[in-house]
Amino acid sequence: MNTRMRRAAVAVAATTMAVSLAACGSASESGDSTKETAAKGDDVTIGLLLPENQTARYEQFDKPLIEKKISELTGGKAKVIYANAKQDATLQNQQVDTMITNKVNALIVDAVDSKAIAGSVKKAKDAGIPVVAFDRLAEGPIDAYTSFDNEEVGRVQGKALLTALGAKAKAGQIVMMNGAVTDPNAALFKAGAHAELDGKVNIGKEYDTKEWKPENANANMEAAISSLGKDKIIGVYSANDGMAGGIITALKAGGFTTLPPVTGQDAELAGVQRIVAGEQYMSVYKPYAPEAAAAAEMAVALAKGEKVDSIAKETVDSPTTKGVPSVLVPVVSLTKDNINATVVKDGVYTVAQICTPKYKAACDAIGLK
């Protein structure tokens with residue numbers, strides 16, 4: 001499975017790198033006769049709106065990768081206007097208004113709240129600005145979408161937890177710590193995890209974690225320990241690494257001398273280090289480069305008035321829009337056994353970044369040098 005997904009990820013990356021966006025064109029009329037058509041050539045302006053800065057990936061990976069790819073595609077002539085909503089859906093709607101005022105040629109949006117953003121997406125569309133939904137499937141008349149196979153993320157997490165539990169899968173109870181209900185991806189992760197876990201484990205407690213915040217996951221975990229008893233908890237499904245950190249802190253404070261297996265997602269540096277140390281069982285490595293490349297390529301193409309058919313080979317239906325051209329990137333289960341072959345090999349982290357003095361002995365023990 002991992003090898004297949006890895007090959008698929010490489011294929012996606014190669015495809016996105018190979019697409020030529022040199023042709024020029026103009027955007028279709030939007031009904032606003034005063035609206036200028038999209039700029040020709042490489043001199044375009046792309047708006048980039050990311051949802052929050054609690055999760056490391058957005059500022060450390062997505063933003064620089066997207067900016068770099070847009071620059072490469074346009075010979076450095078394009079301009080990127082960036083804003084982070086800091087988990088505030090109202091602020092993000094205001095940021096869309098600002099992008100419209102600035103007359104960007106295309107907009108990449110990772111929605112804080114997929115439903116709340118719909119009106120702003122329509123405003124952009126009415127202003128003749130195409131919208132690429134990034135990572136989360138925003139509602140409203142979006143023109144393109146790129147993300148990962150999010151149900152597969154949940155399935156990968158669920159399978160990993162079952163592997164970690166082995167024959168003891170029904171010897172106690174697990175706690176499920178899902179993501180925020182405002183994030184459509186969280187529902188997909190949850191569905192995928194349940195598809196693997198239901199009937200194979202006993203789910204003692206399950207939470208939808210407000211705003212994905214580690215402190216909220218920590219509080220939920222403390223409540224689960226109090227309700228179930230520490231001797232009954234044999235594993236924790238955590239939807240991402242940030243929450244896994246809060247969960248593990250609660251487990252340690254709750255008197256667990258041997259930590260139960262805890263899942264994660266995003267391959268954050270702290271998560272990878274916890275995996276090395278044996279505190280977190282796994283994470284889901286999502287190759288950010290092909291996702292970022294797809295978003296950049298589709299945004300630049302749309303800004304020039306071009307179609308995205310040669311980039312997006314799939315379609316996805318949102319609750320409001322059918323047949324959205326999409327690029328879905330495969331994912332990889334990350335454990336201590338394949339850190340070298342994934343995040344180190346792909347240049348996400350160096351061994352030196354992972355194996356700080358605190359983790360050197362643990363790194364040596366698993367051959368990470």
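The values are calculated or read from the model by the stated rules, or taken from the named source; none is laboratory data. Predicted model only: the values in this text are computed from it and were never measured. Glycine also receives a Cβ, built like all others from the backbone with ideal geometry; neighbour counts cover every protein chain displayed. Note: areas computed on protein heavy atoms with side chains; ligands, DNA, RNA excluded. Shrake-Rupley method; radii C 1.70, N 1.55, O 1.52, S 1.80 Å.
Residue selection: Pro325 fails the criterion of being open to solvent by 10 Å² or more (accessible area, probe 1.4 Å), modelled with pLDDT under 95 and in contact with a strand residue (DSSP E or B) (Cβ under 9 Å, 6 or more places away or on another chain).
Quick grid of which residues meet (1) closer than 20 Å to Ala292 by Cβ; (2) among the basic types (Lys, Arg):
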| residue | (1), (2) |
| --- | --- |
| Ser333 | no, no |
| Asp337 | no, no |
| Thr342 | yes, no |
| Lys345 | yes, yes |
| Tyr349 | yes, no |
| Lys358 | no, yes |
| Ala361 | no, no |
| Ile366 | no, no |
| Lys369 | no, yes |
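Taking the conditions exactly as written (closer than 27 Å to Pro287 by Cα, part of a helix (DSSP H, G or I) and small (Gly, Ala, Ser)), does Ala164 satisfy them or not? The answer is yes for Ala164. Filtered by the rule that a residue be surrounded by 15 or more Cβ atoms within 10 Å (Cβ to Cβ), out of contact with any strand residue (DSSP E or B) (no Cβ under 8 Å at 6 or more places or on another chain) and modelled with pLDDT of 95 or more, region 43-67 gives a lone residue, Leu65.
Between Asp110, Asp143, Asp149, Asp126, the distinction of being modelled with pLDDT of 95 or more and either open to solvent by 40 Å² or more (accessible area, probe 1.4 Å) or over 22 Å from Pro330 (Cα atoms) (or both) belongs to Asp126 only. When region 152-166 is filtered for residues that are surrounded by fewer than 23 Cβ atoms within 10 Å (Cβ to Cβ) and under 12 Å from the mean Cα position of the chain (by Cα), nothing remains. Residue count for region 82-93 under the criterion of being open to solvent by 30 Å² or more (accessible area, probe 1.4 Å) and part of a strand (DSSP E or B): the result is 1. Looking only at region 234-245, count how many residues are open to solvent by less than 10 Å² (accessible area, probe 1.4 Å) and either out of contact with any helix residue (DSSP H, G or I) (no Cβ under 7 Å at 6 or more places or on another chain) or over 19 Å from Leu197 (Cα atoms) (or both). Within region 234-245, residues that are open to solvent by less than 10 Å² (accessible area, probe 1.4 Å) and either out of contact with any helix residue (DSSP H, G or I) (no Cβ under 7 Å at 6 or more places or on another chain) or over 19 Å from Leu197 (Cα atoms) (or both) number 2.
The rows are residues; the columns are (1) under 21 Å from Asn53 (Cβ atoms); (2) within 24 Å of the chain's Cα centre (by Cα).
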| residue | (1), (2) |
| --- | --- |
| Val175 | no, yes |
| Asp208 | no, yes |
| Glu211 | yes, yes |
| Glu215 | yes, yes |
| Lys230 | no, no |
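Residues in region 289-321 that are basic (Lys, Arg) and in contact (Cβ under 8 Å) with a residue 12 or more places away in the chain: Lys304, Lys313.
With respect to Asp97, determine if the residue is in contact with a strand residue (DSSP E or B) (Cβ under 8 Å, 6 or more places away or on another chain), open to solvent by 10 Å² or more (accessible area, probe 1.4 Å) and not hydroxyl-bearing (Ser, Thr, Tyr).
no
Restricting region 250-264 to residues that are open to solvent by 80 Å² or more (accessible area, probe 1.4 Å) and among the polar types (S, T, N, Q), the residue that is modelled with the highest pLDDT is Thr258.
Filter region 174-202 down to residues that are surrounded by fewer than 18 Cβ atoms within 10 Å (Cβ to Cβ) and in contact (Cβ under 8 Å) with a residue 12 or more places away in the chain and give me whichever is farthest from Lys286 (Cα to Cα). Only one residue fits best here, namely Asn202.
This table checks each residue for (1) under 30 Å from Lys210 (Cα atoms); (2) under 17 Å from the mean Cα position of the chain (by Cα); (3) not in a helix (DSSP H, G or I).
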| position | (1), (2), (3) |
| --- | --- |
| Ile70 | no, no, no |
| Val80 | no, no, yes |
| Asp97 | yes, no, no |
| Val121 | yes, no, no |
| Gly128 | no, no, yes |
| Ile142 | yes, no, yes |
| Tyr145 | yes, yes, yes |
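On inspection, Asn185 passes the criterion of being assigned to a helix (DSSP H, G or I) and modelled with pLDDT under 95.
The condition of being closer than 23 Å to Ile70 by Cβ and either open to solvent by 10 Å² or more (accessible area, probe 1.4 Å) or not aliphatic (A, V, I, L, M) (or both) holds for only one of Ala289, Ala294, Ala341, that being Ala289.
Residues of region 99-119 that are among the hydrophobic types (A, V, I, L, M, F, W, C) and part of a loop (DSSP other than H, G, I, E, B): Val104, Ala111, Val112, Ala116, Ile117.
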